[in-house]
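Derivation of every value follows stated rules applied to the coordinates shown; laboratory data play no part. Since the structure is predicted, the reported quantities are computational estimates derived from the model, not experimental observations. Neighbour counts run over all protein chains shown; Cβ positions are idealised from the backbone, glycine included.
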Amino acid sequence: MKPQQVCRRVYQIGGPGITGRRDCCVYLVDGGSQLAIIDAGLGESAPAIVENVRRLGFEPSRVKFLVLTHGHIDHIGGAAYLKESLELCVLAHEGDLPAVEKGDPRLTAAGFYGVNYRPVKVDKVIKGKTESLKVGELTLILLYTPGHTPGSVSPFVDVGGERVLFGQDVHGPFDPAWGSDLKAWRNSMAELLSLNADVLCEGHFGVYRPGEEVRKYIEGYLQRYSR
Ligand SMILES: [Zn+2]
Ligand SMILES: [Zn+2]
């Protein structure tokens, strides 16, 4: 399958059916003069992700940012390659630096996937509850949403009258070995619901819309993990 447009200024350039079934969904945000990639896939398909940027008609050198939503290998495996080949700025939350920068195999879950992780230096460490990132003429808000991992971040952007939320692993799962925290996760999900997003770009299952489907999706998982 080819990379495809999700909505105005947002494309899916990696993930199951596009680059590899073990990749998370990888998204491209087009801010005009600059672009940003959300998550990097498992690693093996990082060159295909760059190629997909080109296939959509964008010059890859315009990609200036890589936002890592959390430190699992299926989201960060391709980060080192993307950083080297595109010379972009890597962003991740401080809570997941032991995974992203140190490559702790327990935290990255790399052993589960049977791949080696090449750690990457984070250029901009996200520390606050919310931080904003200017990507050309768009502003990506990076919302700290711990739970799945200690340093999970959910970026969102308002574009063309729609709010697009990148909720990568809002569905879980949870494992104490990753530092998962269900109580924190429930609070994070309540915050995501309050955003009233119109489009959810999810980490493994693709795109949900309109807003009521986004709400149903998140509420469904809240119910599943209510005990
Ligand atoms: Zn994950
Ligand atoms: Zn994932």
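Checking the table K121/K183; K64/K129; K102/K124 against a 26 Å threshold on Cα-Cα, which pairs fail? Intermediate results must be reported in sequence, preceding the final value.
On the way: K121/K183 30 Å; K64/K129 23 Å; K102/K124 16 Å.
Flagged as over cut-off: K121/K183.
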Rounded to the nearest whole Å³, what is the per residue volume of the convex hull around the Cα atoms of the stretch 1-102? 85 Å³
Whole-Hz ³J(HN,Hα) from phi, Karplus 6.51 cos²θ - 1.76 cosθ + 1.60, for the stretch 83-100, glycine and proline x: 5, 5, 7, 10, 6, 9, 8, 9, 10, 7, 7, 4, x, 10, 4, x, 7, 5
List the chymotrypsin sites (Phe, Trp or Tyr not before Pro) within the stretch 85-143 that fall in a DSSP loop (any state other than H, G, I, E or B) and whose Cβ has at most 10 other Cβ atoms within 10 Å. none
With +1 assigned to the C-beta of every Lys and Arg and -1 to the C-beta of every Asp and Glu, and no other charges, what is the dipole magnitude of the stretch 4-224 about the Cα centre in debye, to the nearest 20? 40 debye
Suppose we keep just the DSSP beta bridges with both residues in the chain; what percent of those would be antiparallel, to 5? 65 percent
Tabulate in residue order the Karplus-calculated ³J(HN,Hα) for the stretch 138-154, using 6.51 cos²θ - 1.76 cosθ + 1.60 with θ = phi - 60°, rounded to whole Hz; enter x for Gly and Pro. 9, 10, 8, 9, 9, 9, 6, 10, x, x, 4, 9, x, x, 6, 10, 10
Could you pull the Rg and Dmax for the stretch 4-224, using just the Cα atoms, both in Å? 15.6, 43
Mind listing the long-range amide H neighbours of L66? Cut-off is under 5 Å, sequence gap 5 or more, other chains count too, H placed in the peptide plane at 1.01 Å from N. I37, C89, V90, L91
Output the relative contact order of the chain, whole-number percent, from Cα pairs under 8 angstrom with separation of 6+ residues. 15 percent
